[in-house]
1. Looking at segment 103-121, which of the residues that are open to solvent by 100 Å² or more (accessible area, probe 1.4 Å) and within 18 Å of R40 (Cβ to Cβ) is farthest from the chain's Cα centre (by Cα)?
2. Tally time: how many residues in segment 31-51 are out of contact with any helix residue (DSSP H, G or I) (no Cβ under 7 Å at 6 or more places or on another chain), within 24 Å of S81 (Cα to Cα) and either small (G, A, S) or assigned to a helix (DSSP H, G or I) (or both)?
3. V24 is checked against (1) β-branched (V, I, T); (2) out of contact with any Asp or Glu (no Cβ under 7 Å at 6 or more places or on another chain); (3) open to solvent by 30 Å² or more (accessible area, probe 1.4 Å) and fails just one. What number does that condition carry?
4. Checking the conditions here, which among D45, D66 is closer than 30 Å to T8 by Cβ, modelled with pLDDT under 95 and open to solvent by 20 Å² or more (accessible area, probe 1.4 Å)?
5. Sort through K94, K84 and tell me the only one that's in contact (Cβ under 8 Å) with a residue 12 or more places away in the chain and more than 21 Å from I124 (Cβ to Cβ).
6. Within segment 79-91, how many residues are outside any loop (DSSP other than H, G, I, E, B), hydrophobic (A, V, I, L, M, F, W, C) and open to solvent by less than 20 Å² (accessible area, probe 1.4 Å)?
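The values are calculated or read from the model by the stated rules, or taken from the named source; none is laboratory data. Fair warning: this is a prediction, and the values are worked out from it, not measured in the lab. Note that we place each Cβ from the backbone using ideal geometry, even for glycine, and neighbour counts take in every protein chain shown. SASA here: full protein model, heavy atoms, side chains in, ligands and nucleic acids out. Shrake-Rupley method; radii C 1.70, N 1.55, O 1.52, S 1.80 Å.
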Amino acid sequence: LPIMKVATDMLVCGEDLGFVPACVPPVMEATSILGLRVQRMPSDDVDFGNPADYPYATVSTTSSHDTSTFRGWWEDPEELSPEKKAKYFKEILKRDEEAPEECTTEVVEAVVRDHLAGPSIWAI
């Protein structure tokens with residue numbers, strides 16, 4: 001890892017999702033490798049991650065190469081049930097009105113703003 005890091009000026013991000021052995025977080029911290037936080041793949045026992053709670057040394061995102069796009073997730077009731085969509089809209093986006101069925105421009109803007117406002121060093 002140290003050789004890889006000195007070979008480039010790019011930020012290095014580790015995919016620390018799912019089951020992560022206990023030895024990984026200290027190595028990532030010691031080598032300044034950023035963690036990855038995909039909002040719909042939280043490490044805690046919750047339905048969604050909250051970008052406001054992510055550590056600084058992370059990349060926050062709504063999706064990854066292993067998931068559908070945010071729009072695809074929002075509009076597919078197999079992936080996001082109407083109940084969970086309402087919960088996301090109320091608890092994460094702090095909206096009181098009913099969650100729209102379609103992924104509107106307003107929803108996308110709110111989600112992007114939410115990620116950009118979080119403490120993660122980088123939001124995608």
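1. So in segment 103-121, the residues open to solvent by 100 Å² or more (accessible area, probe 1.4 Å) come out as 106, 113, 116.
Checking the rest, the ones that are also within 18 Å of R40 (Cβ to Cβ) come to 113, 116.
Values: R113: 13, L116: 11 Å.
This residue is R113.
2. The number of residues fulfilling the criteria is 2.
3. (2)
4. On the way: D45 fails: closer than 30 Å to T8 by Cβ.
Criteria check complete, one pass: D66.
5. Details: K94 fails: in contact (Cβ under 8 Å) with a residue 12 or more places away in the chain.
Just a single option satisfies the conditions, and that option is K84.
6. In the first step, residues of segment 79-91 are kept if they are outside any loop (DSSP other than H, G, I, E, B); the result is 82-91.
Adding the requirement that they be hydrophobic (A, V, I, L, M, F, W, C) leaves 86, 89.
So of that shortlist, the ones also open to solvent by less than 20 Å² (accessible area, probe 1.4 Å) come out as 89.
Matching residues across segment 79-91 total 1.
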